[in-house]
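Just below is one structure, and these are the notes that go with it.
The values are calculated or read from the model by the stated rules, or taken from the named source; none is laboratory data. Worth saying up front: this structure is predicted, and the values here are computed from it rather than measured. So basically every Cβ, Gly included, is an ideal-geometry build from the backbone, and we count neighbours across all protein chains shown.
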Amino acid sequence: MQNTQLRDILNEAREQIENAANRSETEEARVRFLGKKGRLTEILRSMGTLDPEERKALGKLANDARAEIEGMLTRKFEKVKAAEHALRFSAEAVDVTEPGAPLRIGAKHPITRTIEAISRIFMRMGFSVTEGPEVETVFNNFDALNAAPNHPSRELTDTFYITEDTLLRTQTSPVQVRTLLSQAPPIKVISPGRCFRVDTADATHSPMFHQVEGLLVDEDVSMSDLKGTLDVFAKQMFGEDVKTRFRPHFFPFTEPIAEMDMSCFKCGGRGCRVCKGGGWIEVLGCGMVHPNVLRVGGVDTERHTGFAFGMGVERIAMLRHGIDDIRLFYENDMRFIEQFG
């Protein structure tokens, strides 16, 4: 009886394997006949009840059937695999006569463009460009800049500390200190770079931002030199019709101290959405370098004076291009970036 079953299994296996259309159906045939619960496996397990002579004869037939089924499966797997490859290659074929896909040309980021524009203006006025590290010492970031020990900017709520003595710089002003320590007057430099402060991101604030710091130290430098320099910058950056004004303010590293406003370049000072109806726009902070800062660099304060200024690059870019949300600079949305190409 088992002989008849073996012939039936072998015939059924031939038919199912031959009709298998893909790898999945071929695998189903393998499991059906040769799996742990397969039909041929069941016969092999039932051989224990047979006489030795019958078991020997049936064992040979069963092994021959297994070998034949395994051979059929191997050939079928190779065949369906080759068919699948051919189908995939056909679907993925490249027509070399078709024109290539157009390449998207990138554009400089508006922050980079703004830094370059600012740098060109001051370089034409004789300033050189220098840079400093983003990881700074507490001494360069606060102490040397005349910041009081209890100044609120030193708090953990304002500053990212790495260790007790190192931090992510909160401004580009530490480059002033490094320049004063490494270079004797006359000094005439600007220093663009990234800064970091503990802040919650919104339309006008970001924990990471960019500044451009300026420093000039020489003999007979006065506040009028500072005002004239920044007036030239404003006119070249925003248009010759722009007017500037200076208001008293406070920074620990300058004295006297001012914030510079410019007349609204959109409405000419009449009042609009850009200037919030006031006719003036706050642009940057500036002042004469405090003698305590000059002394850190060993500068003779009886002979030399200097001025410094610092501006937010994002603010300049937002004003120049009419951008109303600082977060757009950092989202890397190509639709936004490509507008500046």
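Brief remarks on what is shown
- Check on residue 251, at pLDDT below 90, within 33 Å of the chain's Cα centre (by Cα) and buried (at least 20 other Cβ atoms within 10 Å of the Cβ): yes
- Residue within segment 123-144 that is surrounded by 15 or more Cβ atoms within 10 Å (Cβ to Cβ) and touching a Phe, Trp or Tyr at 6+ places or on another chain (Cβ under 7 Å) present: no
- Residue check for residue 283: touching a residue at least 40 places away in the same chain (Cβ under 8 Å), part of a loop (DSSP other than H, G, I, E, B) and closer than 30 Å to residue 181 by Cα: no
- As for segment 288-305, it holds at least one residue that is of a type in the set (Ser, Thr, Tyr), in a loop (DSSP other than H, G, I, E, B) and assigned by TED's automatic domain parsing to the domain that holds residue 208.
- When 188, 76 are checked against the criterion of being over 30 Å from residue 233 (Cα atoms), crowded, with 16+ Cβ neighbours inside 10 Å and in contact (Cβ under 8 Å) with a residue 40 or more places away in the chain, a single residue qualifies: 76.
- Taking the conditions (1) surrounded by fewer than 20 Cβ atoms within 10 Å (Cβ to Cβ); (2) part of a helix (DSSP H, G or I); (3) not polar (S, T, N, Q) in turn, residue 317 satisfies each one other than (1).
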